[in-house]
Amino acid sequence: MDRINRLVDRLRESGFRMTPQRMAILRILLESTTHPTAEQIYAQVKPIFPMTSLATVYKTVALLKEMHEILEINLGDSGSRYDGNNTLPHAHLICVQCSQIIDSNSVDLSQLANNLAAQTGFKIDHQRLDFFGICPACQTSLIPQI
Ligand code: ZN
Ligand code: MN
């Protein structure tokens, strides 16, 4: 995978020591399409590398976020979810019932950012667009209100 090699190079250049644990964290971040939490990443790495700590996950995630290689979807009290899979700017649909997060490519975020930059003079370096609601699966399982 090209991206993982490029990322490993970038991380090493910034003085980050690449351990097998950190490599596994990186791979999970890049391959997950479910926008996992740090705890979910930890739960996946732990059985393979029992020496991994949650702090290592947080540290790796924080660095990648700083490098704009992954996106943090901060949901306030519900914590943060991470997107390292889809690197192109895209909108998210978030289910408030089951917390599932779906990517949407039907909004051209790059175009929108360009327009906003032109209108306001802002130099935009990253963006987030979230839509909150109830997913189709949760809609069918909702108990009707009396
Ligand atoms: Zn749902
Ligand atoms: Mn996404």
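The values are calculated or read from the model by the stated rules, or taken from the named source; none is laboratory data. This one's a predicted model, so the numbers in the text were calculated from it and none came from an experiment. Positions of Cβ are generated from backbone atoms using ideal geometry, with glycine treated the same way; all protein chains shown enter the neighbour counts. Heads up: the accessible areas ignore ligands, DNA and RNA and are worked out on the full protein's heavy atoms, side chains in. Shrake-Rupley method; radii C 1.70, N 1.55, O 1.52, S 1.80 Å.
Does ASN86 satisfy being surrounded by fewer than 17 Cβ atoms within 10 Å (Cβ to Cβ) and not in a loop (DSSP other than H, G, I, E, B)? Considered against the rule, which asks whether it is surrounded by fewer than 17 Cβ atoms within 10 Å (Cβ to Cβ) and not in a loop (DSSP other than H, G, I, E, B), ASN86 comes out as no.
If the condition is being within 14 Å of SER80 (Cα to Cα) and either modelled with pLDDT under 95 or surrounded by fewer than 17 Cβ atoms within 10 Å (Cβ to Cβ) (or both), then the range 22-53 contributes THR34, GLU39, GLN40. Considering the conditions (1) among the polar types (S, T, N, Q); (2) within 16 Å of ligand 2 (Cβ to nearest atom); (3) modelled with pLDDT under 95; (4) at negative phi, SER99 is excluded by exactly one of them, (4). If the condition is being open to solvent by 80 Å² or more (accessible area, probe 1.4 Å), in contact with a Ser or Thr (Cβ under 9 Å, 6 or more places away or on another chain) and either away from ligand 2 (no atom under 16 Å from the Cβ) or part of a loop (DSSP other than H, G, I, E, B) (or both), then the range 102-132 contributes no residue at all. Pairing residues of the range 82-108 that are in contact (Cβ under 8 Å) with a residue 24 or more places away in the chain with residues that are of a type in the set (Lys, Arg) and buried (at least 19 other Cβ atoms within 10 Å of the Cβ), at Cβ distances under 7 Å and at least 6 apart in sequence or on separate chains, gives ILE101/ARG81. Could you go through the range 133-143 and let me know if any residue there is away from ligand 1 (no atom under 15 Å from the Cβ) and either open to solvent by less than 80 Å² (accessible area, probe 1.4 Å) or of a type in the set (Gly, Ala, Ser) (or both). No, the range 133-143 contains no residue that is away from ligand 1 (no atom under 15 Å from the Cβ) and either open to solvent by less than 80 Å² (accessible area, probe 1.4 Å) or of a type in the set (Gly, Ala, Ser) (or both). Across the range 76-96, which residue is farthest from ligand 1 (Cβ to nearest atom) among those that are hydrophobic (A, V, I, L, M, F, W, C) and modelled with pLDDT of 90 or more? Residue satisfying both the conditions and the ranking: ALA91.
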